Amino acid sequence: TIPSLKIAAMLKRVDPRDVIINKWKLPLSEIPDSAIIGTSSPRREAFIRSTRNELTVKPIRGNVETRLSKIGNGYDGVILAAAGLLRLGLSHVINEYLDTNVLIPDVGQGALAIQTRSSDKTTQDLVSVINDSPTFLSVTAERAFMRTLGGSCNMPAAAYAQIKNQTITIAGMACSYDGQTVYKDEIEGDLQFAEKIGCEFAKRTAVFLKPT
């Protein structure tokens with residue numbers, strides 16, 4: 001976050017899951033061996049390599065429509081965020097939703113944040129009325145996890161927080177880039193300490209990432 005800006009509100013999170021779209025319209029487990037799957041996400045690539053290593057992962061760029069247009073043209077399928085497809089009215093192209101227990105979503109996936117100038121209290125008060133508190137607290141914990149881990153979208157790591165009553169539960173994942181070594185864990189605690197719990201979870205996960 002740029003020091004002069006702050007996240008003042010978040011809209012209610014939509015579906016945080018990842019999805020598979022392919023030319024056969026099959027779930028991931030049934031896609032033919034040697035098929036070419038497009039993704040430029042280290043997290044998604046590591047997942048494919050750990051679950052379907054016989055598939056070929058190939059980097060892909062462009063917006064959602066561009067990526068979809070490449071299916072059948074150099075790619076047999078792609079992995080995308082469900083949220084983007086749902087917001088674009090393209091849910092009909094989805095062949096499989098990957099459960100969050102199977103592939104933990106990227107930090108903040110499915111959430112939209114509103115930034116304001118840090119000093120602009122008037123605007124912050126205005127946008128506060130559309131803030132979804134559970135989303136805000138969940139994503140705050142997830143971002144604390146990734147920030148403490150020293151990670152970014154280029155690291156094969158993820159965190160997904162859920163809230164029930166006054167308890168926040170964070171599922172986290174970190175793995176090697178080849179997907180052969182995967183660490184998954186979960187932590188829960190009092191909702192009022194959401195950000196602190198995210199930080200503590202990252203410190204636990206960091207032990208796995210240290211070279212042996």
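The values are calculated or read from the model by the stated rules, or taken from the named source; none is laboratory data. In this text, all values refer to a predicted model and were calculated from it rather than measured experimentally. No Cβ is skipped: glycine too gets one built from the backbone with ideal geometry, and neighbour counts run over all protein chains shown.
Per the conditions (1) of a type in the set (S, T, N, Q); (2) in a strand (DSSP E or B); (3) closer than 30 Å to SER4 by Cβ; (4) free of Cβ contacts under 8 Å to residues at least 24 places away in the same chain, the sole criterion not satisfied by THR122 is (2). What tally of residues in the stretch 173-184 results from selecting those that are within 14 Å of ILE104 (Cβ to Cβ) and in contact with a helix residue (DSSP H, G or I) (Cβ under 7 Å, 6 or more places away or on another chain)? The total comes to 5.
For every residue, the table says whether it meets (1) farther than 17 Å from ASP99 by Cα; (2) outside any helix (DSSP H, G or I); (3) touching a residue at least 60 places away in the same chain (Cβ under 8 Å).
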position: ALA161; (1), (2), (3): no, yes, no
position: ILE168; (1), (2), (3): yes, yes, no
position: GLY172; (1), (2), (3): no, yes, yes
position: ASP178; (1), (2), (3): yes, yes, yes
position: ILE187; (1), (2), (3): yes, yes, no
position: ALA194; (1), (2), (3): yes, no, no
position: CYS199; (1), (2), (3): yes, no, no
position: ARG204; (1), (2), (3): yes, no, no
position: VAL207; (1), (2), (3): yes, no, no
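Scanning the stretch 116-135 for residues that are closer than 23 Å to LEU191 by Cα and either outside the structural domain of ARG147 (by TED's automatic domain parsing) or under 25 Å from the mean Cα position of the chain (by Cα) (or both) yields a total of 8. The condition of being crowded, with 17+ Cβ neighbours inside 10 Å and either out of contact with any strand residue (DSSP E or B) (no Cβ under 8 Å at 6 or more places or on another chain) or at pLDDT 95 or above (or both) holds for only one of LEU126, LEU80, that being LEU80. Of the residues that make up the stretch 138-151, is at least one of a type outside the set (Lys, Arg), loosely packed, with under 14 Cβ neighbours inside 10 Å and not in a helix (DSSP H, G or I)? Yes. Applying the selection to the stretch 54-77, what residues are assigned to a loop (DSSP other than H, G, I, E, B) and surrounded by 16 or more Cβ atoms within 10 Å (Cβ to Cβ)? Across the stretch 54-77, the qualifying residues are LEU55, ILE60, LYS70, ASP76.
For the stretch 26-49: of the residues being part of a loop (DSSP other than H, G, I, E, B) and exposed (fewer than 13 other Cβ atoms within 10 Å of the Cβ), which is modelled with the lowest pLDDT? In this case the residue turns out to be SER34.
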